[in-house]
Amino acid sequence: MSDFTGKRAVVTGAAGAVGSVVARAFHEAGATVTGIDIVEHDAPYPTLVANLIDPAGARGAVSEIGEIDILANIAGGFAMGDTIAETSDDTWDFMMNLNARTVLNMTRAAVPGMVARGAGKIVNIGARGALRGAAAMGAYVASKSVVIRLTETLADELKAKRINVNCILPSIIDTPTNRADMPKAKFDRWVPPEHIAGVVLFLASSAADSIHGASIPVEALS
C-alpha cells in the first residue's frame with residue numbers, strides 16, 4: 001500500500017458502504033482525511049455534513065477543508081425498474097444529481113486550488129453498466145455515463161497542470177443494500193468494497209502519475 005502521509009484526502013459519500021471503506025483506507029495509509037456526507041457519521045477522522053447536490057454546499061465544504069491533494073468522489077446511488085417511457089422526472093433528476101452533479105460540484109470547487117498548487121488527484125466512480133444502455137436502468141446508466149465523460153474531459157483539461165483525473169467502473173459491489181435487494185445472489189462473486197478502495201488508492205498514488213482519463217473496470221466474478 002502506498003504511503004499517503006502528508007496528503008490531504010477528501011472522500012464524498014463517506015457514510016456509505018463504499019465511501020466509508022475508501023476513507024478508512026486513506027486514513028490507515030497516513031493521509032489526513034475528511035469525509036463528507038449528507039448525514040452525520042462517526043469516523044476516526046474529521047467529517048462534514050454537506051449537500052453536494054447544491055453547488056453552494058460543495059463550495060462551502062471545500063472552503064472549510066482548505067487545501068485538497070486528493071478528491072475521491074464516491075457519493076452516488078442506484079435505482080432501476082422503470083422503462084424510459086415510465087421514468088419520472090424525480091427519478092431522472094435523483095440519479096443525475098446523486099451520481100453526476102455531486103462530481104461536477106465537488107470538482108468545480110476543488111480544482112482551482114489544485115491548479116494553483118500545480119498538483120492533484122481526482123478519482124470518480126462510474127459503473128461497468130454505464131458502458132451501454134440496459135433495459136429498466138436508463139436513468140442510472142445515463143448518470144454514470146456522464147461521470148465517465150466528465151472524467152475524460154477533466155483529464156484532457158487538467159493533465160498539463162499535473163492533475164490526474166480517472167474513474168473506476170465497478171460491477172456489482174458487495175454491500176448490505178445489494179444483498180438485501182438480491183438475497184438469492186452469490187455474494188462471493190461480487191466486488192468487495194475493499195477492492196474498490198485499493199484501486200482508488202492506486203489512482204491517487206504517485207504510481208498513477210501518467211494515467212489520465214482512464215476508466216478502469218473492477219469486475220465481479222461471473
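Residues considered: THR32, THR5. Of these, the only one that is among the hydroxyl-bearing types (Ser, Thr, Tyr) and crowded, with 18+ Cβ neighbours inside 10 Å is THR32.
Kindly provide the set of residues from the stretch 179-205 that are touching a residue at least 24 places away in the same chain (Cβ under 8 Å), out of contact with any strand residue (DSSP E or B) (no Cβ under 9 Å at 6 or more places or on another chain) and closer than 24 Å to GLY81 by Cα, ordered by number. Result: ARG189, single match.
Taking the conditions exactly as written (in contact (Cβ under 8 Å) with a residue 12 or more places away in the chain, assigned to a helix (DSSP H, G or I), surrounded by 20 or more Cβ atoms within 10 Å (Cβ to Cβ) and of a type outside the set (D, E, K, R)), does ALA75 satisfy them or not? Step through it out loud before you land on a result.
Numbers: in contact (Cβ under 8 Å) with a residue 12 or more places away in the chain: yes; assigned to a helix (DSSP H, G or I): no; surrounded by 20 or more Cβ atoms within 10 Å (Cβ to Cβ): yes; of a type outside the set (D, E, K, R): yes.
So ALA75 does not fit the description; no.
Counting the residues of the stretch 147-166 that are free of Cβ contacts under 8 Å to residues at least 24 places away in the same chain and either under 14 Å from the mean Cα position of the chain (by Cα) or under 30 Å from THR91 (Cα atoms) (or both) gives 2.
Taking the criterion of being of a type outside the set (Gly, Ala, Ser) and closer than 14 Å to VAL123 by Cβ, the residues of the stretch 196-222 that qualify are ILE196, VAL199, VAL200, LEU201, PHE202, LEU203, ASP209, ILE211, HIS212, ILE216, VAL218.
Within the stretch 177-191, can one find any residue that is modelled with pLDDT of 95 or more and within 19 Å of ILE74 (Cβ to Cβ)? No: zero hits. Sub-6 Å Cβ pairs linking a first residue in the stretch 129-146 that is over 18 Å from SER88 (Cβ atoms) to a second residue that is modelled with pLDDT under 95 and assigned to a helix (DSSP H, G or I), at least 6 apart or interchain, are LYS144/ALA130; SER145/ALA130, ordered by first then second residue. Against the conditions (1) under 18 Å from the mean Cα position of the chain (by Cα); (2) loosely packed, with under 13 Cβ neighbours inside 10 Å; (3) not hydrophobic (A, V, I, L, M, F, W, C), GLY66 satisfies every one except (1).
The values are calculated or read from the model by the stated rules, or taken from the named source; none is laboratory data. Quick caveat: nothing in here was measured; it's all calculated off a predicted structure. Because the Cβ atoms are built from the backbone with ideal geometry, glycine has one as well, and the counts that use them run over all protein chains shown.
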